[in-house]
Every structure is written in structure tokens, then in C-alpha cells.
Amino acid sequence: MEIVDYLRVARRRLWVLLGVPLAAALAVGLFVGLSPQRYTATCYVAAPALVGGAAAQQYTGTQAASQFVAAFKAAATSPKVLDQVAADTGVAAGTLRDGLAVAQVGASSQLTLTYEAAKRTTVEPVLTATARRALDFLFSSQVNIATEQVDAASADVTSATAAIADWEKTNKVSQPDKLYQATLTEIAALRQQKLSMEAVGNSRAVAAATAALDAAQKRLDALGPKLPDYQSLLAQRDAATGALSQARQGLQGARAQAQAADPAQVASVGDVRAVSRVRALATTVLPAAAGGLLLAVLLVVVLELLARRAAPAAAPSQAPVLSRAA
């Protein structure tokens, strides 16, 4: 077919090409125009202290801002947060999921949380509750984890200290490591004293020093086999003490992040406004008309195919009539 043929078909089926898109646009326009008024507002979340900076923070590096926005979006739409907001506001979780939207402001760490609903009175409470619950989900949980780590490390220190006390009670000796070192120092002093007395020929002093040396050596021999177990217990207590110190540092950092994520300081909700129907019409009527036009073209093609198939079937039935007339 040539262009003239296409134009002829279009002229013949003009009512289809114009009627279907018009009907689609009119139907969508009526639906938008007669639907209940909807309301929306935007919550701005600006928490620069949570992104970048110290390496101990959750979001660092060149992609920190995008990671924070992605994490906030995932938290705000997670089933746990939606259920919490639903309990706080009385709005169904499905309605919340359909009406919430999170967007990053440029390439910054700031973001916008937008909510649209049919009830004006629910917009501001939903935004406030969602921002608070999402920030708590991201940062308060870190405080809980860090607190549990501190409690576990503290319990390890207590257990190691108790094991040392039990060992000292069982072996009837306190701080054998220090006692061992003191005995070594005493032996060295007694040997020096013995040499000095031998040099001046003081036999009584030499005998006393020898007796003291023998007693000190017996104490040293008795302590020696016990030291490895005791030193092992000391090493366990030192390791537990180091872990407790690190856990306390982590808890301090987590609390600092939670404080920096205080919703009262970093989140602010704008005014609630009515959603423009003109904008809604512009974004729905034109796509509906375009879809209707595509459907009309397909319908014209189907009608033409059916007409072409029907034409050969009608031609033989007219042939006898023409011959008799001749």
C-alpha cells in the first residue's frame, strides 16, 4: 500500500482514530476530576553529622550520602517501620506504602520524605512518625547492639576476675606472680650478702644467709609450677578488659550517632497542601490519549483486515446475477 491508500483508510476510519483517544482522555479526565481531593506534604531530613567524618561512623567515603539516602528509604518502607507508623497513626500499612516517597536532594546527604493521602489530618502525623521511626531503626538499634556488647564484655571481665579469686583461694596464695618476682629479688640479695660475709670470714652470717637462701628457694620451687595456670587466667582477664574498653568506645560512638539523628533536630515537616488537579490531569490525560490512539490504530488495522477477507467471499455470489442480466 502507498501513502495515498493509508490516508484513504484513515479518512474512512476517522471516527475510530479520533473517537477512541478522545474517549480514553475523557474517561481518565472524569476519573481524576471526580476523585476525592488528595493532600500532601514534605518532610526534610538534614543530618550532615551522620555522613562522612570519623571512620567509626556508619556512612563514610565518596558514596556516603547516597548510601545514607538508600538506607533511609529502605528503612522508611520496611515492614517493621510501616507497622510501627501504622500503630502510631492509625493508617493502614498498605496505604502508607503507596503514599510515601523518599528522594535525595541533589548529591547531598539531605533528603525529602513525601506523603500523599486523601485525609488531610493524617499527612503531618505520618511524616513525623515515619521520620522518627526510620531514624530510630537506623541508629538506635546500633546503641542497643553496642550496649549488649558492653554487657557481654563486662560479664567476661567479672568471670575472669572470679576465676582468679577462686584460684588464689584454692592454692592459698595471693598474687603469686608478684610473690615469685619478690622471691627472686630476695634470693639475689641473699646471695650477695653471703658472698660479702664469706669475704670477711663471718661464718655465722654465712650460715644464716645459706639457711635463708634455702627457704627462699623452696618457696620459689613451690610457686614455679603454679605460675602458668595463674598467668593464663591473668591473660584472659586482660583480654576481657581490653574487649570491654573497645565495647565502651563503640557504645560511646553509637550514642553520639543516635544523638546526631535526633528527629527533633534533623527532621522538619512542611505545610500540608492540596494536590493540584491540573497537574494530575496533565500527567494522566495525555498518556491516556496516546494509549487510546495506539489502540485506535490497532483497531483500524483489525477492521481493514476483516473487510479485505469479506470482499472475496461476496464477489462469487454476484457473478450469476450479472450473467443472466447480460
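The values are calculated or read from the model by the stated rules, or taken from the named source; none is laboratory data. Not measured: the values here are computed from a predicted model. Positions of Cβ are generated from backbone atoms using ideal geometry, with glycine treated the same way; all protein chains shown enter the neighbour counts. The accessibility values were calculated without ligands, DNA or RNA, using every heavy atom of the protein model including side chains. Shrake-Rupley method; radii C 1.70, N 1.55, O 1.52, S 1.80 Å.
Observations on the structure shown:
- Model label sites at residue 306 and residue 252, defined 7 Å from Cα along the beta-carbon direction, differ in position by 8.2 nm.
- For the range 37-189, a/c is not less than 1.5, where a ≥ b ≥ c are the root eigenvalues of the C-alpha gyration tensor, and a/b tops b/c. That puts it in the prolate class.
- Counting only lysines at least 8 places from residue 172 when in the same chain, those with an alpha carbon closer than 24 Å to its own are 218, 226.
- Approximate spin-label separation residue 177-residue 10, in nm, with each point projected 7 Å along Cα-to-Cβ: 9.5
- Ordering 189, 287, 99 by Cα displacement along the dipole of the chain toward the positive end leaves 287 in first place; charges were set at the Cβ atoms of Lys, Arg (+1) and Asp, Glu (-1).
- Taking a point 7 Å from the Cα of residue 66 along the Cα-to-Cβ direction, the residues of the range 107-124 with backbone N closer than 15 Å to it are 107-110.
- Surface per residue (accessible, 1.4 Å probe) for the chain, Å²: 61
- Percentage relative contact order, the range 69-193, counting C-alpha pairs under 8 Å, at least six apart: 21
- Furthest towards positive pole of dipole, 202, 216, 297, structure part the range 180-307, Cβ charges: 202
- The label-point distance for residue 166 and residue 220, in a model that sets each label 7 Å from Cα toward Cβ, rounds to 3.3 nm.
- Spatial separation of Cα centroids for the range 181-231 and the range 107-146, in angstrom: 74
- Accessible-area composition of the chain, carbon plus sulfur, in percent [1.4 Å probe]: 60
- The chain - percent relative contact order, Cα under 8 Å, separation 6 or more: 32
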